[in-house]
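Take a look at the structure below.
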């Protein structure tokens, strides 16, 4: 699973990316600090079942902290998008190509209204962030439409039921499957031959494709700034169908760096931290500001919450723990609960087997739900938190 971090220039995307990954992507108070996409590893957070089984886990990938398992996923911080990017303005074509590898998107938005859609600093409260939401969705919509337009001449002599296959070949590079295309065509159901659609129907189709193939939530960044509260309220009123979550990427980055340095004990996504050693008063005051004005106010910085929201609620993922030794719940080397694997909700035992390794999927015989001890078949649907042993020939 891959997540793209998108937004206007100078909105805090790279700070958000750094908070998730500690990759130290360049940041700055100017447009187009990010030119080429930054790639890093972030971690979604789930309850680790080691507390249920009474054994300490030993993750091979990711890590476990205070009873929480952190499962790695790939994230991308791509160049900022400006108005008319779909026509090649700014770094538009590069941006739009870059985000197509993503399964889901996080739109980092400057909720304080201190930067405009071009990334220019205009002063807190001087710009309406609603405009950023509108323009970003429009750019993606028009860009997708521009690509499918090139396939339209090929639809002239094609029956509607075969149109999805023709369109899928045209947009194969966008990571949009034929299945998504079929669903969108059914949903529009205009009653017309597709080759006769007007521009309005094409745009509706492009937006549906974006929604289904690249679902997006809004991280309302700089939420701790006074003017952001009213802006976020208005955003939720203006866009009731959008998921909008308050975020302070800068605070999360500060907490994670302090935790990495052993200054504080902090679990990403938590609403509290503990100072572990004596630090200068200035640094202590900064941490206390985060505690009082962000953690207590919002219940966290919002960064981890946003990532989890995309993975589990928007993309519908679950986490399953495959093991080789049913008794010890370990791999062949004795690592307890060594792997935590992300699967789509509704995934079956055979799909887990193929996720572990193609050869294991090919030689699948059965599986065992290690929590219940019951043998399960290849079509048994798995639940998040399941511990599963695969039996293969």
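What to note about this one:
- For residue 238: the one exception among (1) touching a helix residue (DSSP H, G or I) at 6+ places or on another chain (Cβ under 6 Å); (2) at pLDDT below 95; (3) surrounded by fewer than 18 Cβ atoms within 10 Å (Cβ to Cβ): (2)
- For the range 239-262, the tally of residues that are more than 23 Å from the chain's Cα centre (by Cα) and in contact (Cβ under 8 Å) with a residue 24 or more places away in the chain stands at 2.
- Of all residues assigned to the range 49-64, none qualifies as being at pLDDT 85 or above and in the same structural domain as residue 106 (by TED's automatic domain parsing).
- As a summary of the residue check, residue 192 satisfies the conditions (1) over 23 Å from residue 113 (Cβ atoms); (2) assigned to a loop (DSSP other than H, G, I, E, B); (3) at pLDDT 90 or above except for the one numbered (3).
- Annotation: of all residues in the range 276-287 being in contact (Cβ under 8 Å) with a residue 12 or more places away in the chain and exposed (fewer than 14 other Cβ atoms within 10 Å of the Cβ), the one that is farthest from the chain's Cα centre (by Cα) is 277.
- Every condition in (1) surrounded by 13 or more Cβ atoms within 10 Å (Cβ to Cβ); (2) out of contact with any strand residue (DSSP E or B) (no Cβ under 7 Å at 6 or more places or on another chain) is met by residue 273 except one, and the failing one is (2).
- Remark: residue 165 matches the filter, which requires a residue to be farther than 21 Å from residue 140 by Cβ, surrounded by 12 or more Cβ atoms within 10 Å (Cβ to Cβ) and modelled with pLDDT of 85 or more.
- Residue check for residue 347: free of Cβ contacts under 8 Å to residues at least 40 places away in the same chain and over 24 Å from the mean Cα position of the chain (by Cα): no
The values are calculated or read from the model by the stated rules, or taken from the named source; none is laboratory data. Since this is a predicted model, take the numbers as computed values, not measurements. Reconstructed Cβ throughout: ideal geometry from the backbone, glycine too, with neighbour counts over all protein chains shown.
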